[in-house]
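Heads up: the structure comes next, in structure tokens.
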Amino acid sequence: MGFRRRKDLARRHWRLSAKLLIASSVVTVIGFSAICASVMLDMRRGEETLARQTLENLASSIGADISRNVELYDLSLRAVAGGMVLPEINDVSKPIRHLILFDRAATAKHFGAIQVFDAEGQLTLDASALDPVAEDRSDEEFFRVHRDQPNAGLFISHPMLYHGNYAIVLSRRITDADGRFLGVAAGSIRFSYFHELFGRLHLDPEDTLTVFRHDGSVIMRTPFDLDMIGRNLGYVPGVMRALSEPSGSFSVKSALDGIPRLYIWRDGNRPLVVMAGKPWSSILSFWRKEAIWIGAVMLALISFVLGVALFLVREIRRRAQAEDKLEELATTDALTGLKNRRKFDAAIETEWRRATRQKTPLALLMIDADHFKSYNDRFGHQEGDEVLVGIAICISDSVRRAGDCAARYGGEEFAVLLPGLSSAEALDVAETIRLKVLQWSDVTTVSIGVASLTPVAAMAWSEFVKAADRALYAAKANGRNQSVLASFPKLALAA
């Protein structure tokens, strides 16, 4: 019993060790993967946050510069429009009137001269000349807007060719005290201003910066594309948001080049709205490189951990198999392949205790080859060994239950332990073995002692073996080649 228990404990130990190793390896891999994924997600969020801050600062700074210049120019337009309704403005000479109206007008290399058009759209005053060349702007958008909409305020035109340069025209309505339309004060900001402003920026090739009117028309864009200038994108959902919300962001694949970008705008209430865009491929380029590197390291680490775990599991299994093999060699008779005396003693100890505890019968066959010594002396040890092997085969063919234990007890003697069999059942098995040996060999027979009882605590299994042994000697004394059933008259334990 102790030997079998040690074997079972050893097997459990190795199985548990292998399972724990596999489980710990899987937990380690999952833990490393979770940490790696968390770090990578944090890095991605960090890159996105940095890109958002960069685009916000870019949109805010460019928007502020444009708004500052538009407001500065608008102040000049307001001054001219206000001066044109002064009662005495038409009573002074041209030079004085010119000085009064345009002395405080904003001037810069990108600003066009302010002009005044009358109610018919005819040029009457020009900040750049006392006697301007005649111009008719009655068909221009900016003139028609002010003529038809008294409350238009500052109007910024679509990009247009104005005085030989691409520009946007800024204009204000001139209205007398009675609200009557008197004309328009207009000026321009040339595209050269936007080119110079955007040229100071260090943008990636696929970064975009777009200036919109509040109707969605593109005023300027970098990278510069003349076909895009003046195009209305107010139908695009993201642009619609930018024109209706003070600030925000959205991510979308560009309708122009198909590149997914993050777009951000700030201060959408300004006269012109600036939207900055950056491709996700650029935002996440550094993160992707780091993610690939970290992923490769993690993959190598996971492969190493799993490889070591699999190697160790295989070694554990090999060791367990080797121990099982050694245990089998230690408990198996080398000649017959049956269990040896050591294994038999362990088995009967275990079954005896179980039968005592469960109050079930236990049977034992003691088998001996008849006249084996004389046969061995006459035909030699090799022939004798063949006889023992043949008897063992006959025993194995007759004893097939998992709990049965057939063993070579010593020399030419064999023992068969049959848990749960009564005397009659055990005797049937004994007869089956004896007849098979008789059929197998014309010269070899066996004698069998049979014992069967239900053990009690007061009895030792050694007495059980002695009873079967006595039955064996009785079989031999009665003429051999027979099975004899033992009896237990003193204890009245016969099954």
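The values are calculated or read from the model by the stated rules, or taken from the named source; none is laboratory data. Source: prediction; values computed, not measured. Note that each Cβ is placed from the backbone with ideal geometry, even for glycine, and that neighbours are counted across all protein chains shown. Surface areas here come from the heavy atoms of the whole protein model, side chains and all, with no ligands, DNA or RNA. Shrake-Rupley method; radii C 1.70, N 1.55, O 1.52, S 1.80 Å.
A few comments on the model shown:
- Selected residue (criterion: most open to solvent (accessible area, probe 1.4 Å)) from residues of the stretch 335-362 that are in contact with a strand residue (DSSP E or B) (Cβ under 6 Å, 6 or more places away or on another chain) and among the β-branched types (Val, Ile, Thr): Thr336
- Only listed residue being open to solvent by less than 30 Å² (accessible area, probe 1.4 Å), of a type in the set (A, V, I, L, M) and part of a helix (DSSP H, G or I), chosen from Val239, Val274: Val239
- With respect to being open to solvent by 70 Å² or more (accessible area, probe 1.4 Å) and within 19 Å of Val169 (Cα to Cα), Leu77 falls outside the description.
- Test for Ile259: is it buried (at least 17 other Cβ atoms within 10 Å of the Cβ), of a type in the set (Val, Ile, Thr) and either in contact with a Leu (Cβ under 9 Å, 6 or more places away or on another chain) or touching a residue at least 40 places away in the same chain (Cβ under 8 Å) (or both): no
- Matching residues in the stretch 310-334 - criterion: being open to solvent by less than 50 Å² (accessible area, probe 1.4 Å) and free of Cβ contacts under 8 Å to residues at least 24 places away in the same chain: Ala322, Ala330, Thr332
- Every residue from the stretch 145-180 that is of a type in the set (D, E, K, R) and free of Cβ contacts under 8 Å to residues at least 40 places away in the same chain: Arg147, Asp148, Asp178, Arg180
- Residues of the stretch 113-171 that turn out to be in contact with a Pro (Cβ under 8 Å, 6 or more places away or on another chain), of a type outside the set (Ser, Thr, Tyr) and within 14 Å of Arg190 (Cβ to Cβ), as a count: 3
- Some residue of the stretch 21-40 being in contact with a Leu (Cβ under 7 Å, 6 or more places away or on another chain) and more than 30 Å from Glu290 (Cα to Cα): yes
- Restricting Glu48, Glu71, Glu56 to residues that are under 30 Å from Arg221 (Cβ atoms), within 28 Å of the chain's Cα centre (by Cα), of a type in the set (Asp, Glu) and at pLDDT 90 or above narrows the list to Glu48.
- Residues of the stretch 82-95 that are under 12 Å from Ala127 (Cα atoms) and out of contact with any Leu (no Cβ under 6 Å at 6 or more places or on another chain): Pro95 alone.
- Selection of the stretch 92-107 for residues being open to solvent by less than 70 Å² (accessible area, probe 1.4 Å) and modelled with pLDDT of 75 or more yields Val92, Ser93, Arg97, His98, Leu101, Phe102.
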